[in-house]
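*Asks:* The structure that follows is given in the form of structure tokens.
The values are calculated or read from the model by the stated rules, or taken from the named source; none is laboratory data. Computed from a predicted structure; not experimentally measured. Here the Cβ positions follow ideal geometry from the backbone for every residue, glycine too, while neighbour counts run over all protein chains shown.
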Amino acid sequence: MTDQPTRLARRSDRLDQPREQRATFLPRLTLSQEAFGILSEKFARFMGTPGFIIGMTVFCAAWLAWNTFMPVAQQFDPRSQNYTLLTLLLSLQASYAAPLILLAQNRQADRDRVGLEQDRARDERNLADTEYLTREVASLRLALREQATRDFVRSELRDLLSELEERQLVLPREEARRAE
């Protein structure tokens, strides 16, 4: 009886300590989320290529041809069993492809969202700049209204010139009258 509590006590004493590291035969594969995401995007991108689709078509056609037309002894997935192994392989491929494609789509959606936020911020800055420039142009127009415009100056000069011409015509007459 005294042996039982000491074993429990020894176990409870070690609960606050981490377990010793066990020796492993294979190195542990660790992928960061970013690396796994990049890998899934490459996989999804590859699955969308014509080469992959043609390759899968050729693979399935060869599989079906082999297991349909070869002698029964050489068939590894006979037609009589409805190509069970081919169905299993295609289901396995689809079960891995769907989550990887969804992961790639989520990453693309995140990139699109960040791009849209940057576009929105750029648009807001452009709008603020445009509004500032509009206010500046409006203030310049108001300031120019108070100054003489080119047309106004031209009309004033024409008036002065016509007055001078009239005076030149009037002056010789007045001098002639004085001389008489």
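*Asks:* Quickly run through region 71-100 and pick out the residues that are over 17 Å from Ala61 (Cβ atoms) and of a type in the set (Phe, Trp, Tyr).
*Replies:* If the condition is that a residue be over 17 Å from Ala61 (Cβ atoms) and of a type in the set (Phe, Trp, Tyr), then Tyr96 is the only one that fits.
For (1) more than 36 Å from the chain's Cα centre (by Cα); (2) hydrophobic (A, V, I, L, M, F, W, C); (3) assigned to a helix (DSSP H, G or I), each residue gets a yes or a no:
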| site | (1), (2), (3) |
| --- | --- |
| Ile54 | no, yes, yes |
| Ala61 | yes, yes, yes |
| Asp77 | yes, no, no |
| Ser80 | yes, no, yes |
| Leu85 | yes, yes, yes |
| Gln93 | no, no, yes |
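*Asks:* Before we move on, is Thr57 closer than 23 Å to Ala94 by Cβ and modelled with pLDDT of 75 or more?
*Replies:* Here the answer is yes, as Thr57 does meet what is asked.
*Asks:* Looking for something surrounded by 10 or more Cβ atoms within 10 Å (Cβ to Cβ), on the phi > 0 side of the Ramachandran plot and more than 19 Å from the chain's Cα centre (by Cα) - is there at least one such residue anywhere in region 105-127?
*Replies:* The answer is no, given that none of the residues of region 105-127 is surrounded by 10 or more Cβ atoms within 10 Å (Cβ to Cβ), on the phi > 0 side of the Ramachandran plot and more than 19 Å from the chain's Cα centre (by Cα).
*Asks:* Condition (residue is modelled with pLDDT under 90, loosely packed, with under 10 Cβ neighbours inside 10 Å, among the charged types (D, E, K, R) and not in a helix (DSSP H, G or I)) applied to region 24-45: is it met by at least one residue?
*Replies:* Within region 24-45, one or more residues are modelled with pLDDT under 90, loosely packed, with under 10 Cβ neighbours inside 10 Å, among the charged types (D, E, K, R) and not in a helix (DSSP H, G or I).
*Asks:* Report yes if Leu127 is under 30 Å from Ala65 (Cα atoms) and of a type outside the set (Lys, Arg), otherwise no.
*Replies:* So Leu127 does not fit the description; no.
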